[in-house]
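K.L.:
Sharing a structure with you now.
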Amino acid sequence: MFPRLLPVTQALLIANVAVFLLQMFLAPAVTEPFALWPLNFSGYDAAGYSFMPWQLLTSGFMHGNFSHLLFNMLALWIFGSPLEATWGEKRFLTYYLVCLVGANLCQLLVTSWILSGGGMVYSSLGASGGVFGLLLGYGMLFPNQRMIIFPIPVEIRARTLVIIYGAMALLFGVTGWQPGVGHFAHLGGMLFGWLLIRYWRGQPPFGGKRRGPPRMRVVK
């Protein structure tokens with residue numbers, strides 16, 4: 001359940017914890033300018049902040065509270081290290097950052113649409129979009145791996161776990177049953193992860209020469 005901690009995964013864990021500590025001591029000076037704010041086409045800015053391009057990345061290293069950080073970092077470790085062991089450091093880091101930025105891009109589109117319709121101005125933060133991308137990648141590379149993941153109390157295949165979490169994110173996002181959670185960011189991380197793996201493999205909607213990662217190597 002707890003794989004060996006590899007260099008890039010470890011660096012991402014340290015970066016997230018370090019940023020969280022900065023938030024604790026320097027917020028809101030650190031948090032608000034670097035959280036993800038929606039596009040505001042009306043010009044009305046009640047919060048005093050607006051979208052900046054760097055927020056697509058920086059918001060993914062910030063968290064709202066300790067439990068938010070803990071669950072995301074635990075998932076980053078569990079799913080990230082096996083992917084790093086399989087793909088290597090550079091490809092794994094590329095994958096994670098693409099999922100993170102892609103997730104925030106989807107969240108930006110949704111929150112901007114809500115704001116344009118007269119909804120409340122609010123910001124988004126958290127590594128969950130990148131983590132959901134890692135979950136998707138793990139399910140694609142190790143579909144038959146059996147595991148037990150909270151809150152599911154039984155052993156389940158990784159492929160089934162991906163389907164369940166993806167379906168839950170879509171359901172909650174469409175219905176609004178769990179407000180205050182970036183469900184569309186979760187779906188965006190999975191979408192961009194799926195597209196990138198398909199691109200590496202040269203599969204539709206991409207074609208041409210195979211760009212996939214090397215065959216799996218075992219790290220002991």
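K.L.:
Of the numbered conditions (1) within 16 Å of Val181 (Cα to Cα); (2) surrounded by 15 or more Cβ atoms within 10 Å (Cβ to Cβ), Tyr96 fails exactly one; give the number of that condition.
P.N.:
Tallying (1) within 16 Å of Val181 (Cα to Cα); (2) surrounded by 15 or more Cβ atoms within 10 Å (Cβ to Cβ), Tyr96 fails exactly one: (1).
K.L.:
So, one more: Does the stretch 140-157 contain any residue that is part of a helix (DSSP H, G or I) and free of Cβ contacts under 8 Å to residues at least 24 places away in the same chain?
P.N.:
So far as the stretch 140-157 goes, no, none of its residues is part of a helix (DSSP H, G or I) and free of Cβ contacts under 8 Å to residues at least 24 places away in the same chain.
K.L.:
If you don't mind, there's one more thing I want to ask. May I ask you to list pairs of residues, at least six apart or on different chains, whose Cβ atoms are under 6 Å apart, with the first in the stretch 51-63 being on the phi > 0 side of the Ramachandran plot and modelled with pLDDT under 95 and the second being aliphatic (A, V, I, L, M) and surrounded by fewer than 18 Cβ atoms within 10 Å (Cβ to Cβ)?
P.N.:
Pairs found: none.
K.L.:
If you go through the stretch 82-93, how many residues are touching a residue at least 60 places away in the same chain (Cβ under 8 Å) and surrounded by fewer than 22 Cβ atoms within 10 Å (Cβ to Cβ)?
P.N.:
Counting residues in the stretch 82-93 that are touching a residue at least 60 places away in the same chain (Cβ under 8 Å) and surrounded by fewer than 22 Cβ atoms within 10 Å (Cβ to Cβ) gives 6.
K.L.:
Within the stretch 125-133, can one find any residue that is over 16 Å from Leu196 (Cα atoms) and without any contact (Cβ under 8 Å) to a residue 12 or more places away in the chain?
P.N.:
For the stretch 125-133, residues over 16 Å from Leu196 (Cα atoms) and without any contact (Cβ under 8 Å) to a residue 12 or more places away in the chain: absent.
K.L.:
List pairs: first residue in the stretch 175-193 and part of a loop (DSSP other than H, G, I, E, B), second residue surrounded by 15 or more Cβ atoms within 10 Å (Cβ to Cβ) and of a type in the set (Ser, Thr, Tyr) anywhere in the structure, Cβ distance under 7 angstrom, at least six positions apart or on different chains.
P.N.:
Short answer, once both residue conditions are applied: Gly182/Ser124; Gly182/Ser128.
K.L.:
Taking Ala75, is it under 22 Å from Met24 (Cβ atoms), of a type in the set (A, V, I, L, M, F, W, C) and crowded, with 18+ Cβ neighbours inside 10 Å? Break it down stepwise before answering.
P.N.:
Values: under 22 Å from Met24 (Cβ atoms): yes; of a type in the set (A, V, I, L, M, F, W, C): yes; crowded, with 18+ Cβ neighbours inside 10 Å: yes.
Against the criterion (under 22 Å from Met24 (Cβ atoms), of a type in the set (A, V, I, L, M, F, W, C) and crowded, with 18+ Cβ neighbours inside 10 Å), Ala75 qualifies.
K.L.:
Go through (1) modelled with pLDDT of 90 or more; (2) over 13 Å from the mean Cα position of the chain (by Cα); (3) part of a helix (DSSP H, G or I) one by one and return the number of the condition Leu136 breaks.
P.N.:
Exception for Leu136: condition (2).
K.L.:
Could you please give the count of residues in the stretch 140-187 that are surrounded by fewer than 12 Cβ atoms within 10 Å (Cβ to Cβ) and within 18 Å of Trp113 (Cα to Cα)?
P.N.:
Final tally of qualifying residues: 5.
The values are calculated or read from the model by the stated rules, or taken from the named source; none is laboratory data. Treat the numbers as computed from the prediction; the structure is a model and nothing was measured. FYI the Cβ positions are ideal-geometry reconstructions off the backbone, even for glycines, and counts take in every protein chain you see.
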